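Worksheet: one structure, shown below.
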Amino acid sequence: MATIKQVAEQAGVSTATVSRLLNENGFISEEAKRKIKQAMKETGFDPAKRKRRILATSAVSGLTHNNVLMIWNTRKVHEDTTTGQNMMQGITEALQPLGASLTIAHLNSDDTLPPALENGTLDGILIHGDPPSPAVTKQLRKHPVVWLLKQGSSNYGDRVQPDHALAGEISCDWLVQQGCRNLCCMSYHIQTTRSIYAKTRADYFLSHAERSGVQGKLLIQPEPADSINLPAARASVASSLVEQFIQFDPRPDGLFVANE
């Protein structure tokens, strides 16, 4: 059976748009509706079968409280990004067929616990950000925990990550498609686990460049300390990278930045 993703690709719309049509939730233009319904016919997607499968899944979901808590332990700007918004929307849509809801919470510097975490009326925790204080961690570890995007703690919980290897390869392919033949990758000297995923992106970018028959150069800096958040420190690192970049001969015509 075709998937929502296949229907979206066939219709030329986002998976979220297809989901809104199937769940009758949110505005969809008439043109988008027409394209999605046509794509369903062409791909053999059957909404009725999907609904029956979802109902069967809901019956055996095993959830006790029908509530999942998502904790943001980052600055508000991360929550407001397109990635952050899509992440919350995707989780909400995945929980709906199970009859469960998503509760959004934030950790503050004073370690005040979100009510849902304090009273334990939840089935699991999704968290994005850095590992919290020991006091908060003690409460988190009473529940199943999944870290989203960031590595988070390495001694408890599972992690859901993008395919960093694929990200490096796709970036290389895109630059090659633009006609670039002399590529450069900027990354870190990896000294802690904080930037381990940046290394994966960089490694696969460079190895894919070699397989694609184009030049691939690596430009690296020491892994930034916490002071990198200060404007002067960032400016210093940026200046150093630029100075090294312009020394390359020939000058790269495609640049991939594997981290921030």
**Report entry** Leading residue by the ranking (modelled with the highest pLDDT) among those in segment 217-256 that are within 21 Å of ASP203 (Cβ to Cβ) and in contact with a Ser or Thr (Cβ under 8 Å, 6 or more places away or on another chain)
**Finding:** PHE256
Query raised in the report: Mind checking which residues of segment 200-221 are charged (D, E, K, R) and out of contact with any Cys (no Cβ under 7 Å at 6 or more places or on another chain)?
Result: ARG201, ASP203, GLU210, ARG211
Requested in this report: For segment 232-260, name all the residues that are open to solvent by less than 70 Å² (accessible area, probe 1.4 Å) and in contact (Cβ under 8 Å) with a residue 12 or more places away in the chain.
Outcome: VAL237, SER240, LEU241, GLN244, PHE245, PHE248, PRO252, GLY254, PHE256, ALA258, ASN259
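Let me confirm something: among SER187, SER207, which residue is within 28 Å of SER240 (Cβ to Cβ) and part of a strand (DSSP E or B)?
After applying the criteria, what remains is SER187.
Enumerate the helices (runs of 4 or more DSSP H) found wholly within segment 4-93, keeping only those where 3 or more residues are within 21 Å of the chain's Cα centre (by Cα) and either at pLDDT 80 or above or surrounded by 18 or more Cβ atoms within 10 Å (Cβ to Cβ) (or both).
Output list reads 4-11, 15-23.
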Query raised in the report: Could you list, in sequence order, the residues of segment 113-133 that are part of a loop (DSSP other than H, G, I, E, B), under 12 Å from HIS65 (Cα atoms) and not charged (D, E, K, R)?
Result: GLY120, THR121, LEU122
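A quick yes/no check of all residues on (1) hydroxyl-bearing (Ser, Thr, Tyr); (2) in contact (Cβ under 8 Å) with a residue 24 or more places away in the chain; (3) closer than 24 Å to GLN85 by Cα:
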residue: GLN6; (1), (2), (3): no, yes, yes
residue: VAL13; (1), (2), (3): no, no, yes
residue: ALA16; (1), (2), (3): no, yes, yes
residue: ARG20; (1), (2), (3): no, no, yes
residue: GLU24; (1), (2), (3): no, no, yes
residue: LYS35; (1), (2), (3): no, yes, no
residue: ALA39; (1), (2), (3): no, yes, no
residue: PHE45; (1), (2), (3): no, yes, no
Report summary line: Scanning segment 121-159 for residues that are surrounded by 15 or more Cβ atoms within 10 Å (Cβ to Cβ), among the polar types (S, T, N, Q) and under 21 Å from the mean Cα position of the chain (by Cα) gives GLN151, SER153
Query raised in the report: Got a sec? Which of GLY179, GLY216, GLY124 is over 24 Å from LEU63 (Cβ atoms) and touching a strand residue (DSSP E or B) at 6+ places or on another chain (Cβ under 6 Å)?
Result: GLY216
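The values are calculated or read from the model by the stated rules, or taken from the named source; none is laboratory data. Just so we're clear, the structure is a prediction, and the values are computed from it rather than from any experiment. For neighbour counting, all protein chains shown are included, and Cβ atoms are generated from backbone atoms with ideal geometry for every residue, glycine included. Note: areas computed on protein heavy atoms with side chains; ligands, DNA, RNA excluded. Shrake-Rupley method; radii C 1.70, N 1.55, O 1.52, S 1.80 Å.
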